[in-house]
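Asks: This is the structure I want to talk about, given as structure tokens.
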Ligand code: ATP
Ligand code: MG
């Protein structure tokens with residue numbers, strides 16, 4: 001089985017926290033590839049996203065450019081509507097037999113895992129890789145029994161960067177240089193994204 005990590009997110013915009021999380025999961029869990037999947041409308045984020053779908057996808061492409069193990073997929077943007085990981089994994093399993101999927105999630109998302117749409121079915125289709133995130137305590141001891149054995153914890157150098165931080169800094173006219181790869185930074189500036 002080819003081991004594939006799925007890195008889902010709004011990527012509004014993608015930043016070094018996402019890239020390092022993906023790389024850390026790949027290395028620690030022996031993943032062959034990590035697929036970055038921007039969501040269309042995220043279920044648990046009422047005001048998001050801010051940038052257009054094609055802009056978020058373009059920033060992902062720019063960030064992972066030339067990385068041999070990383071790939072971007074527009075499967076959720078194509079499907080449109082609210083993006084549920086369970087739908088995505090079902091679709092991917094049909095499209096790519098012979099691959100085993102692990103869902104890569106930061107500590108904040110591990111904590112809300114029990115609320116995910118069709119989480120029981122999803123936990124039969126894939127496993128989870130949980131990464132620590134600064135300022136977030138991972139309550140994986142509180143996970144329901146059917147999930148606990150399905151979540152593998154993985155360490156990473158802690159990075160206190162979020163897309164929210166980048167958007168806030170942009171709207172305040174502050175620098176976002178070095179929080180995200182230069183090609184993403186240039187794209188944000190050139191297109192005037194996240195300005196107030
Ligand atoms: P926002 O501030 O808009 O919520 P975000 O930075 O949290 O953006 P998301 O697109 O919400 O990014 O997150 C996608 C995935 O990446 C989630 O699983 C999230 O937990 C993880 N992630 C994001 N930033 C980090 C980070 N700095 N360290 C570890 N994981 C991260
Ligand atoms: Mg987030």
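Asks: Find how much the distance from residue 118 to residue 191 grows on full extension, using 0.36 nm per residue of separation minus their present alpha carbon separation; answer in nm with one decimal.
Replies: Values: separation 73, 0.36 × 73 = 26.28 nm, distance 3.73 nm.
Here the segment from residue 118 to residue 191 would lengthen by 22.6 nm.
Asks: Counting helices only, and only those DSSP H runs with n ≥ 4, report the 222 nm mean residue ellipticity of the chain as the sum of -39,500 (n - 2.57) divided by its residues, in deg cm²/dmol to the nearest 500.
Replies: Values: 9 runs with 76 residues, N = 196.
Mean residue ellipticity, 222 nm, calculated: -10500 deg cm²/dmol.
Asks: Treat each spin label as a single point 7 Å out from the Cα along the C-beta direction, and report the residue 178 to residue 3 distance in nm.
Replies: Taking the simple label geometry, residue 178 and residue 3 are separated by 3.4 nm.
Asks: Between residue 78 and residue 155, what FRET efficiency comes out of the Förster formula 1/(1 + (r/R0)^6) with R0 = 35 Å and r the beta carbon distance, rounded to 0.05?
Replies: Working: r = 34 Å, r/R0 = 0.97.
Taking R0 as 35 Å, the efficiency between residue 155 and residue 78 is 0.55.
Asks: Could you give me the percent of Cα pairs per 5 Å distance bin for the chain, shortest bin first, beginning at zero and ending with the bin that holds the maximum distance?
Replies: 1, 8, 16, 20, 22, 17, 9, 4, 2, 0
Asks: Would you mind getting the Kirkwood hydrodynamic radius of region 62-175 from its Cα pairs, rounded to one decimal in Å? Don't skip to the end; give the middle numbers.
Replies: Working: mean 1/r = 0.0614 Å⁻¹.
It is 16.3 Å.
Asks: Would you give the gap between the C-alpha center of region 51-93 and the C-alpha center of region 142-171, rounded to a whole Å?
Replies: Between the Cα centres of region 51-93 and region 142-171 lies a distance of 18 Å.
Asks: What residue among 43, 144, 53 shows peak mean-square fluctuation when the chain is described by a Gaussian network model with Cα springs under 10 Å?
Replies: Most flexible of the set in this elastic network: 144.
Asks: Any idea what the relative contact order of region 11-60 is, in percent, if you count C-alpha pairs under 8 Å spaced at least 6 apart?
Replies: Working: 27 pairs, mean separation 25.7, N = 50.
Over region 11-60, the number comes to 51 percent.
Asks: So, one more: To two decimal places, what compactness ratio does region 111-158 give when its Cα radius of gyration is scaled by 2.2 N^0.38 Å? Could the numbers behind the result be given before it?
Replies: Details: Rg = 11.1 Å, N = 48, 2.2 N^0.38 = 9.6 Å.
Expressed relative to 2.2 N^0.38 Å, the Cα Rg reads 1.16.
Asks: Further question on the same structure: Fully extended, how many nm does the chain gain between residue 139 and residue 52 (0.36 nm per residue separation, minus their Cα-Cα distance)?
Replies: Numbers: separation 87, 0.36 × 87 = 31.32 nm, distance 3.32 nm.
Using 0.36 nm per residue and subtracting the Cα-Cα distance, I get 28.0 nm.
All of the numbers you see were taken from the coordinates with simple rules; none came from a lab. As the structure is a computational prediction, the values presented were derived from the model and not from experiment. Neighbour counts are summed over all protein chains in view; Cβ atoms, including those assigned to glycine, are modelled from backbone coordinates with ideal geometry.
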